[in-house]
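The values are calculated or read from the model by the stated rules, or taken from the named source; none is laboratory data. Owing to the predicted nature of the structure, the values given are computational and were not obtained by experimental measurement. In this analysis, Cβ positions are derived from the backbone assuming ideal geometry, glycine residues included, and neighbour counts consider all displayed protein chains.
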2 protein chains.
Amino acid sequence: MDRPLQDVLKVHCYGCGALNPHGLHIKSSWDGEELLCCWQPEPYHIGHPGYVYGGTIASVVDCHCIWTALAQHCRETGHSLQEGPPAVMFVTGSLQINYLKPIPIDGEMVLRARVLETGERKTIVGCRVFHSGIECAVAELVAVRAKLGS
Amino acid sequence: MDRPLQDVLKVHCYGCGALNPHGLHIKSSWDGEELLCCWQPEPYHIGHPGYVYGGTIASVVDCHCIWTALAQHCRETGHSLQEGPPAVMFVTGSLQINYLKPIPIDGEMVLRARVLETGERKTIVGCRVFHSGIECAVAELVAVRAKLGS
């Protein structure tokens, strides 16, 4: 697997930024046609006792999907993140998440995301969240493209 | 305004639990027919620099909507949280959030939520998120009712 994208392009985001000392520090890497993220919650990331907080799940999904949109854009345009960010950035336009099963706080969450559709301004990303091989949540995120610095 | 619900019924949830030392500690109170939450993010809760992280917005929305479903249930059944939790609990079945405008990291986020529909097992909650009087996000959450301890 490739080096995690967040270790190549370091940002300040709470969810995924290597430069944010307080953040969740998720890591996303290509695994074939999907972007993969394995993430271990802290014991305090609970909602109901013993289970991961839905807001934390939404947070990890949000960042991982935005990186998926960005990574796919880079693949298609031949841009390497080693050279820095591309000329566009992606922001979350909307997020829909269906919680299928509670996710135990022990053990890794595994996220697999891929671009479902690319429009002129919007990229739709689908994401599935697993724990111990069981699908526990599915999500769809609309990423809106903006010029960097706009 | 009433005493915040989370100061009456203390839980361990990362988003809203008074008993979680690491959490966001949101506070929700009735304001007429709406449940109101005013919450100040920390400087590190950023996504893109200067703006609140979408995952943190989703987190605050998630908890505040679940408390709205619970509070409405208590109103309708005449249950006082002073006596402890009611016989049912609510978990997030799905969350849809539309981000309309970026929310500056400085200043409070204000959330106003209300129950839109109550079914046998599901309660649909609508929530609007404001900053400086401007509507920045709208959300709909499906809360699923379960027996406490189930």
Restricted to the stretch B:1-12 and to residues being assigned to a helix (DSSP H, G or I) and crowded, with 17+ Cβ neighbours inside 10 Å, the residue farthest from the other protein chains (Cβ to nearest Cβ) is B:LEU5
Within the stretch A:88-118, of all residues that are away from chain B (no Cβ under 14 Å) and β-branched (Val, Ile, Thr), the one nearest to A:LEU148 (Cα to Cα) is A:THR118
Of residues in the stretch A:123-150 being under 18 Å from A:ASP62 (Cβ atoms) and small (Gly, Ala, Ser), the one modelled with the lowest pLDDT: A:ALA146
Counting only residues in the stretch A:31-57 that are under 12 Å from the mean Cα position of the chain (by Cα) and more than 14 Å from chain B (Cβ to nearest Cβ), the one surrounded by the most Cβ atoms within 10 Å (Cβ to Cβ) is identified as A:LEU35
Condition met for A:GLU108 (surrounded by fewer than 20 Cβ atoms within 10 Å (Cβ to Cβ) and over 18 Å from the mean Cα position of the chain (by Cα)): no
Considering only residues that are crowded, with 16+ Cβ neighbours inside 10 Å and within 13 Å of chain B (Cβ to nearest Cβ), which ones fall in the stretch A:70-87? A:LEU70
Subset of the stretch B:13-30 that is within 22 Å of B:ILE57 (Cβ to Cβ), out of contact with any Gly (no Cβ under 7 Å at 6 or more places or on another chain) and at the interface with chain A (Cβ under 8 Å from one of its Cβ atoms) - its residue that is surrounded by the most Cβ atoms within 10 Å (Cβ to Cβ): B:ASN20
